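Please read the structure below before turning to the comments.
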C-alpha cells in the first residue's frame, strides 16, 4: 500500500476486495447483505462494524448455488439419463448433447483437460433453467434450481446482520436466468430472513469502487476497515 501511495501521490489509499466493491455498488453504506453470483458465488454482509463473508471458495470446494454449481448438477442429471440411472433427466441429456455434442460418453474427455472448466460448467446453467421453466417442468432441472436457491439463501443468511432491518441485494449474471431461480429464492429468503427486504442493486462493482474512493477522499467512509477485505492506508 505504501508503494502504491507513493507512486500515485495519494494521501490515502484503499485496497478493496471485489466482493466489497460489489457490496458498495449494490447497497452503498447501508447494513445488509449482497450475494454476487455468476460462474461462482460469494456473499458479503456488514453491520457497519465488521464484515462477514460466506463462500466464494471456488467450484471444487464451494460456490454453492452459482452458475458452475448449477451447470455441473444439470450435467450430472444428463449423464444419469445417458446411463439409465435413477435421478436422470432425458430433457437435460438432450440439451447436453445439443450443446456439447453426442454421445455424452465423450464429454468427460473434452471437459476435464480444459483450464476453463468452471466457465464451461456455468455455460450450461441457462439450459437447466430453461428445462425447469418448460411446460411441463423437468423435475430434475426444477430440483437443481430449487436447491441452488436454497444454497444462495443459506449464504445470505450467514452474512446478513440479525436482529434489525437489513437490505439484501442480488448481483451478477446468474440472476438473469429469471423466475426458475428467483421464484424459489424469494420463498427461501422470506422464510430464512423475514426481517430483511430484497432490493434492487443500485450499481455494479465499479460504482462501488468509485463510492469508496469518493467517501475516502472526504474522510467520510462508513464501511468497516478490514486487513483482507477493505484495507485503508
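In percent, rounded to a whole number, the relative contact order of segment 105-207 is 27, using alpha-carbon pairs under 8 Å and six or more apart. Taking max minus min of the alpha-carbon positions on each principal axis, segment 67-147 gives extents of 35, 25, 19 Å, largest first. Principal-axis analysis of the Cα atoms of the chain puts helix 67-83 at an angle of about 10° to the longest axis. If R0 equals 22 Å, the separation of the Cβ atoms of residue 176 and residue 154 corresponds to a calculated FRET efficiency of about 0.55.
Counting other Cβ atoms within 10 Å as a rough exposure proxy, the listed residues 192, 49 run 49, 192 from fewest neighbours to most. For the chain, the alpha carbon positions stretch 63, 42, 24 Å along the principal axes, listed from largest to smallest. Over what distance in Å are the Cα centres of segment 64-91 and segment 106-150 separated? Cα centroid of segment 64-91 versus Cα centroid of segment 106-150: 7 Å apart.
Taking Cα atoms only, the orientation of helix 205-218 departs from the longest principal axis of the chain by about 10 degrees. Against the chain, whose longest principal axis comes from its Cα atoms, helix 179-192 is set at around 60 degrees. For the pair segment 179-233 and segment 25-50, the centres of their Cα atoms are 4 angstrom apart.
Every number in this text was worked out from the coordinates using simple rules, so none of it is lab data. Just so we're clear, the structure is a prediction, and the values are computed from it rather than from any experiment. As a convention, Cβ positions derive from the backbone with ideal geometry for all residues, glycine included, and neighbour counts pool all protein chains shown.
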